[in-house]
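Asker: Please see the structure below; I have some questions.
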Amino acid sequence: MIRLLIFSFSIFTGALFANNFDPSFLIEEAKKVEEADPKKSIDTFVKAYYVTYPNRTTTTEVENAFQRVLGKSLTEKKFDQGLEILNVALEMFPNSYSILRFKVLYAFDQSQYDMCVFYADQILKQLGDQNEVHFFKGSSYHKLKSYQKAINSILKIKKGFSGKRAGYIILGDSYYHKGKLSNALKYLKLAQQIQKTANVEKLIQKIEREQKVETNYETSAPQPHFSIKTSPELMDEAKEKLNDILEASYAEHSLQLDYFPPSPLTVIVYDKKKKEFTSSLQNPNWAAGVYDGEIRIPGEELDKDPYKLETVIRHELMHLFLDSITRNSIPTWFNEGIAQYFEKPFSYDGDNAFDKREDSPLPDGFKKALSIALQKNKLLDMDVLSGSFMNLSEDQVLLAYAQSLMLTKYFIETFGIWKLQRLLRNLYQGNLFYVAFKKESGMTLNEFLQSWIVYQKKQWKL
């Protein structure tokens, strides 16, 4: 009986031992655990590949398994797991486009746009043209606001690419930011022919309004960081009144944020007499200037006191700096707060004189609006402050700007300008705002709000 049991066990273990050297058996075992345990599954697929000299079937099965697991990790945003598996896959299939493409996809999905461009260039050099790689390289340049490079990459995509609508949109938006409005409309309308969406239609209408207004506008030569775009009649006055302010503001903001945005930058000045800035371009009546990817100011601002003109320019230019650094990943309150905090030019005479940035005077009505809101517990919450101010009532707009300035002032003067610089660099590197904010301040946004409320009530003795 014992001999029979030993014999049976030997047959069983022998069969199991033999199966461990059977690629087909190992592949089937790997598939069984692929959903529940991708890492264990991949280990078994790798064993199947190396257990004997792999034939075409085994190679295809293992390569396809890597694609499935990598794709699932990407969809579920399990980046650490995916990158670990990707490194194994690349050792086994270093020239497989179906594997190499995940280097680009993982970098792009983690907002690591510089790395995405780097990996894209590696793949293009190694394997030659690949539509998908050109697309993600162009998309990354677009995210980085390197619009000409985005255009160059997207235009290399050949026919047959399934994502051509997205490519048309990137081309349209990039040409728009390059000031080539006709090209922008051409590609955006091609995108709409494939599938109509409201956001693209809204951009088309915006560009058509601008094209109508700016038909006869000229663009000055860079001096050196800025070009001014305006009508021939207004060009000399605009250059005389703006060039020195623009260059001085650029130099000061660069030092404040330790950042130098690409130049030349374009400032568009609209006609004084025509109401193009508000009616044709549909900007709010209360706006003395707008930054929407370009700095735009109504011509009548040129007639104002130089102190007020510089305040407008510094405010809108700071928005451009922040947009370039953070790639539009900053909440409205912090964006507007920083722009307001640094908008006032240093003046050593008159009512607005101050020696230190923290002593800069508050805009009219801010202290009253905030004091009432603090006393009556009517402050706007962080979710409201993080979104657009365009849909707020007139009273809420005043409060939103006042609260944004004082929250930002509290951050900078509590933690220091170097903390602001570090937070912005975190955003530049692709980190989410709330993550970067807590990392640098040690507080959540709501904890920060409550801390500021206590501080502000004490400061104003409310």
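Read-outs: derived from the displayed coordinates by stated rules, not from any lab. All values reported here derive from a predicted model rather than from experimental measurement. All Cβ positions, glycine included, derive from the backbone under ideal geometry; neighbour counts span all protein chains shown.
Asker: Loop only per DSSP, at most 10 neighbouring Cβ atoms within 10 Å: give me the chymotrypsin sites (Phe, Trp or Tyr not before Pro) in segment 173-222, ordered by residue number.
Answerer: none
Asker: Now for a different question. Dipole of segment 329-462 (Lys/Arg Cβ +1, Asp/Glu Cβ -1, origin at the Cα centre): which of PHE411, SER441, SER347 lies farthest to the positive side?
Answerer: Farthest towards the positive pole: SER441.
Asker: Let me ask another. May I ask for the Kirkwood hydrodynamic radius of segment 374-435, worked out over all distinct Cα pairs and given in angstroms to one decimal? Spell out each step's value before the answer.
Answerer: Numbers: mean 1/r = 0.0752 Å⁻¹.
This gives a value of 13.3 Å.
Asker: Using +1 on the beta carbon of Lys and Arg, -1 on that of Asp and Glu, and nothing else charged, what's the dipole of the chain about the Cα centre, debye to 20? The partial results should precede the final answer.
Answerer: Numbers: 60 positive and 58 negative charges, 263 e Å.
Here the size comes out at about 1260 debye.
Asker: Next question. Restricting to the chain, compute how many DSSP beta bridges are antiparallel as a %, nearest 5. Mind dumping the intermediate values first?
Answerer: Values: 4 of 12 bridges.
Around 35 percent of the beta bridges assigned by DSSP in the chain are antiparallel ones.
Asker: Just one of (1) 35, 24, 21; (2) 55, 30, 18; (3) 39, 32, 21 is semi-axes √(5λ) of the Cα gyration tensor in Å calculated from these coordinates, so which is it?
Answerer: (2)
Asker: Just to check I understand the Karplus step: with θ = phi - 60° and J = 6.51 cos²θ - 1.76 cosθ + 1.60, what whole-Hz values come out for segment 380-397, glycine and proline as x?
Answerer: Those phi angles translate into 6, 7, 5, 5, 5, 5, 7, x, 5, 8, 4, 9, 7, 5, 4, 5, 5, 4 Hz.
Asker: Moving on to the next point. If you add up the charges near PHE21, with Lys and Arg at +1 and Asp and Glu at -1, over every other residue whose beta carbon is less than 15 angstrom from its beta carbon, what do you get?
Answerer: Values: positive: LYS47; negative: ASP22, GLU28, GLU29.
The answer is -2.
Asker: Next question. Scan segment 129-181 for trypsin sites (Lys or Arg not before Pro) in coil per DSSP, keeping those whose Cβ has at most 12 other Cβ atoms within 10 Å, and list them by number. Could you put the intermediate results ahead of the total?
Answerer: Numbers: sites: LYS137, LYS143, LYS145, LYS149, LYS156, LYS158, LYS159, LYS164, ARG165, LYS178, LYS180; in loops: LYS145, LYS156, LYS158, LYS159, LYS178, LYS180.
Listed in order of number, the matching sites are LYS158, LYS159.
Asker: Still on this structure, please answer the following. Rank these for me by crowding, GLU201, GLU394, GLU252, GLU316, going from fewest to most other beta carbons within 10 Å. Spell out each step's value before the answer.
Answerer: Working: GLU201 13, GLU394 8, GLU252 16, GLU316 23.
In increasing order of surrounding Cβ atoms, one gets GLU394, GLU201, GLU252, GLU316.
Asker: For a quick check of your reading of the filter: which chymotrypsin sites (Phe, Trp or Tyr not before Pro) in segment 307-398 sit in a DSSP loop and have no more than 10 other Cβ atoms within 10 Å? Don't skip to the end; give the middle numbers.
Answerer: On the way: sites: TYR307, PHE321, TRP333, PHE334, TYR341, PHE342, PHE346, TYR348, PHE354, PHE366, PHE389; in loops: PHE342, PHE346, TYR348, PHE354, PHE389.
Here the sparse-neighbourhood loop sites are TYR348.
Asker: I would also like to ask the following. How fast does segment 329-462 diffuse by Stokes-Einstein, in µm²/s, taking the Kirkwood radius from C-alpha pairs at 4 °C and 1.567 mPa s? Before the final figure, lay out each step's value.
Answerer: Working: Rh = 15.6 Å.
Reported coefficient: 83 µm²/s.
Asker: Of TYR113, LEU255, THR197, which is farthest towards the positive pole of the chain's charge dipole, taken about the Cα centre with +1 and -1 on the beta-carbons of Lys, Arg and Asp, Glu respectively?
Answerer: THR197
Asker: How would you classify segment 168-266 from its alpha-carbon gyration tensor, with a ≥ b ≥ c the square roots of the eigenvalues: rounded for a/c under 1.5, else prolate if a/b is greater than b/c, otherwise oblate?
Answerer: Note, shape of segment 168-266 comes out oblate.
Asker: Here's something else I'd like to know. Mind checking which aspartates and glutamates have their Cα closer than 14 Å to the Cα of LYS149? Skip sequence neighbours fewer than 8 apart in that chain.
Answerer: ASP114, ASP121, ASP173
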